[in-house]
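Data first, discussion second: the structure below is written as structure tokens.
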């Protein structure tokens with residue numbers, strides 16, 4: 001059994017905790033949260049050991065691995081503490097507040113040979129996995145342009161401020177929401193290395209942006225557009241999509257449906273010339289425990305397998321998440 | 001329970017395989033009247049049970065149903081609570097405490113008699129009961145013989161091993177609403193074991209059961225084995241695998257399984273509703289001989 005602890009039992013933290021609780025290879029040894037009520041409920045009904053001070057928890061329960069899901073501004077210092085104690089780390093996205101913070105953590109994790117993963121769960125969504133496979137196989141030919149999009153109803157009116165509305169704490173649509181799309185572009189096309197211009201627009205929020213529009217370029221010279229708006233209530237929940245255009249075809253994909261247009265008869269297996277439609281139902285392997293989406297369980301399985309020495313630690317490594325932090329800083333710097 | 005239950009996903013733009021279809025549904029069902037008209041289509045085909053989440057728009061549907069008691073005398077609703085996005089968005093915005101304050105009936109600190117005392121004594125079960133009452137308000141004077149806990153909550157509690165809360169839900173639904181408690185889950189075999197461990201026998205469990213094995217956690221074989229060998233009143237949902245399995249094949253598979261008491265489906269058009277109902281009837285007849 002792998003001894004796992006959680007720091008931060010908010011929305012994502014509780015969701016991780018539930019999936020970990022059902023995982024046959026995991027023993028939950030402790031939870032650290034600042035909320036007395038959350039700790040109390042977990043103690044009373046789940047029989048978990050809880051703490052308000054995470055360092056005290058680490059001293060006492062000595063976990064092999066820790067999940068960190070606290071506001072982004074705490075990521076760098078918490079993760080450093082964990083790595084210094086030789087603990088494997090899964091940390092929520094975005095990785096750090098800026099690109100400099102992450103560099104040290106990458107070195108530290110590498111030097112100590114510790115498993116490190118960031119919670120960009122889209123890489124575990126079946127449709128996006130298939131996009132990756134198609135792009136890598138050369139089915140689209142030479143890539144030319146992409147459009148990365150995400151819309152959803154996070155901030156749909158002026159409202160009470162939380163850490164998500166504080167730029168100092170990692171709030172705002174760019175870090176909290178657009179980061180998913182940026183990470184997906186980095187993964188499916190190539191890391192973003194140039195930004196030609198950005199609009200960061202406030203719609204309801206006073207301190208942070210609610211929408212991000214940007215012109216991008218990747219390391220392999222593919223151009224693209226980023227269009228993300230978290231104040232769009234025409235979507236029931238976050239809807240993330242990517243379009244990739246190449247010399248031999250085009251892909252339009254979101255988390256549930258993959259549409260592929262291929263120009264010629266030279267096609268990968270299972271595809272034909274013209275439009276091809278595939279659904280998440282045929283692209284997603286089933287998981288042993290499901291909560292909110294296969295990808296949340298799949299990313300935890302991947303991490304636990306890496307900790308157990310039974311699988312790779314490539315997807316969503318600190319290094320790949322750092323590329324996203326870096327692209328975020330480029331987008332911010334090119335703000336018009 | 002009836003053999004066929006009519007679901008509500010199509011009304012609220014819940015589509016598991018296509019964002020485009022989900023937008024088209026949003027447009028089609030903009031008016032509450034269109035929703036009720038579609039429910040009426042299913043009623044005219046003898047499907048008198050509507051299973052729905054406690055979405056805000058159900059308030060209006062309930063009002064319209066109450067306004068015509070004769071027309072809806074045989075009609076029942078199976079509420080499924082809570083409408084998770086409502087709470088998830090609220091937690092992001094208001095925090096956990098703020099959300100409870102927002103949704104508990106009346107002014108939270110005003111209803112100190114139950115709620116306030118519950119907080120002082122850390123009686124979280126009483127808080128849950130208050131939230132159930134808040135969700136049930138819209139169904140006043142409507143027949144609700146089975147009341148479901150939504151899968152996000154059921155499965156969250158399952159993973160956290162909060163079996164006492166699953167049991168408390170069960171007991172409260174029986175005691176307060178004189179109804180049967182049901183659970184929606186994406187982890188049917190695991191949930192059944194958990195419910196049995198707190199003494200809940202032969203529970204009503206609604207879960208994905210389809211020929212594609214979609215959202216059948218642990219695998220199809222495991223589900224089929226549980227249906228064959230254990231005591232559970234199963235409702236099959238997502239029988240069409242979100243639309244990915246051809247209707248005939250999909251229905252044939254579900255009807256062939258033992259121990260599936262009801263089949264839940266949703267559809268927007270008269271043609272699809274009547275096609276699904278007649279396919280279920282057709283295959284039920286076929287398999288009746290062999291069962």
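The values are calculated or read from the model by the stated rules, or taken from the named source; none is laboratory data. The shown structure was predicted, so the numbers you read here are calculated from the model rather than taken from an experiment. Here Cβ is always computed from backbone atoms with ideal geometry, including for glycine, and neighbour counts include all displayed protein chains.
Annotations for the structure displayed:
- Condition met for residue A:296 (crowded, with 18+ Cβ neighbours inside 10 Å and within 14 Å of another protein chain (Cβ to nearest Cβ)): yes
- Output for the stretch B:1-24, where each listed residue is within 11 Å of chain A (Cβ to nearest Cβ), surrounded by fewer than 20 Cβ atoms within 10 Å (Cβ to Cβ) and in a helix (DSSP H, G or I): B:19, B:20, B:21, B:23
- Count of the stretch A:194-252 residues which are outside any strand (DSSP E or B) and within 19 Å of residue A:167 (Cα to Cα): 10
- Matching helices (runs of 4 or more DSSP H) fully within the stretch B:198-290 where at least 2 residues are in contact with a helix residue (DSSP H, G or I) (Cβ under 8 Å, 6 or more places away or on another chain) and under 24 Å from residue A:291 (Cβ atoms): B:220-229
- Residue check, residue B:152 at the interface with another protein chain (Cβ under 8 Å from one of its Cβ atoms) and touching a residue at least 60 places away in the same chain (Cβ under 8 Å): yes
- All conditions in (1) touching a residue at least 60 places away in the same chain (Cβ under 8 Å); (2) closer than 30 Å to residue A:156 by Cβ; (3) crowded, with 23+ Cβ neighbours inside 10 Å hold for residue A:289, with the sole exception of (2).
- Verdict on residue B:32 being touching a helix residue (DSSP H, G or I) at 6+ places or on another chain (Cβ under 7 Å), farther than 16 Å from residue B:265 by Cβ and away from chain A (no Cβ under 14 Å): yes
- When A:261, A:303 are checked against the criterion of being assigned to a helix (DSSP H, G or I), more than 14 Å from chain B (Cβ to nearest Cβ) and modelled with pLDDT of 95 or more, A:303 stands alone in meeting it.
- Exclusive hit being farther than 21 Å from residue B:15 by Cβ, at pLDDT 95 or above and within 20 Å of the chain's Cα centre (by Cα), set B:262, B:256, B:278: B:262
- Subset of the stretch B:165-197 (residues that are closer than 20 Å to residue A:289 by Cβ and surrounded by fewer than 18 Cβ atoms within 10 Å (Cβ to Cβ)): B:193, B:196, B:197
- When residues in the stretch A:28-38 are screened for being within 12 Å of chain B (Cβ to nearest Cβ) and within 26 Å of the chain's Cα centre (by Cα), 6 of them pass.
- Single unsatisfied condition, residue A:320 versus (1) surrounded by 15 or more Cβ atoms within 10 Å (Cβ to Cβ); (2) part of a strand (DSSP E or B): (2)
- Restricted to strands (runs of 3 or more DSSP E) entirely inside the stretch A:35-134, those with at least 3 residues that are under 22 Å from residue A:291 (Cα atoms) are A:65-68, A:88-91.
- Residue in the stretch A:123-144 that is closer than 23 Å to residue A:105 by Cα and either at pLDDT 95 or above or within 19 Å of the chain's Cα centre (by Cα) (or both) present: yes
- Of the residues in the stretch A:157-166, at least one is within 14 Å of another protein chain (Cβ to nearest Cβ), surrounded by fewer than 22 Cβ atoms within 10 Å (Cβ to Cβ) and either outside any loop (DSSP other than H, G, I, E, B) or in contact with a strand residue (DSSP E or B) (Cβ under 8 Å, 6 or more places away or on another chain) (or both).
- Only one of the numbered conditions (1) under 21 Å from residue A:306 (Cα atoms); (2) more than 14 Å from chain B (Cβ to nearest Cβ); (3) free of Cβ contacts under 8 Å to residues at least 60 places away in the same chain is not met by residue A:54, and that is (1).
- Failed item in (1) surrounded by fewer than 21 Cβ atoms within 10 Å (Cβ to Cβ); (2) away from chain B (no Cβ under 14 Å); (3) touching a residue at least 60 places away in the same chain (Cβ under 8 Å), with residue A:234 passing the rest: (2)
- Of all residues in the stretch B:198-210 being within 14 Å of chain A (Cβ to nearest Cβ) and out of contact with any strand residue (DSSP E or B) (no Cβ under 7 Å at 6 or more places or on another chain), the one that is surrounded by the most Cβ atoms within 10 Å (Cβ to Cβ): B:210
Conditions tested, residue by residue: (1) part of a loop (DSSP other than H, G, I, E, B); (2) at pLDDT 95 or above; (3) surrounded by 16 or more Cβ atoms within 10 Å (Cβ to Cβ).
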residue: B:59; (1), (2), (3): no, no, no
residue: B:66; (1), (2), (3): no, yes, no
residue: B:89; (1), (2), (3): no, no, yes
residue: B:110; (1), (2), (3): yes, no, no
residue: B:113; (1), (2), (3): no, no, no
residue: B:122; (1), (2), (3): yes, no, no
residue: B:138; (1), (2), (3): no, no, yes
residue: B:142; (1), (2), (3): yes, yes, yes
residue: B:155; (1), (2), (3): no, yes, yes
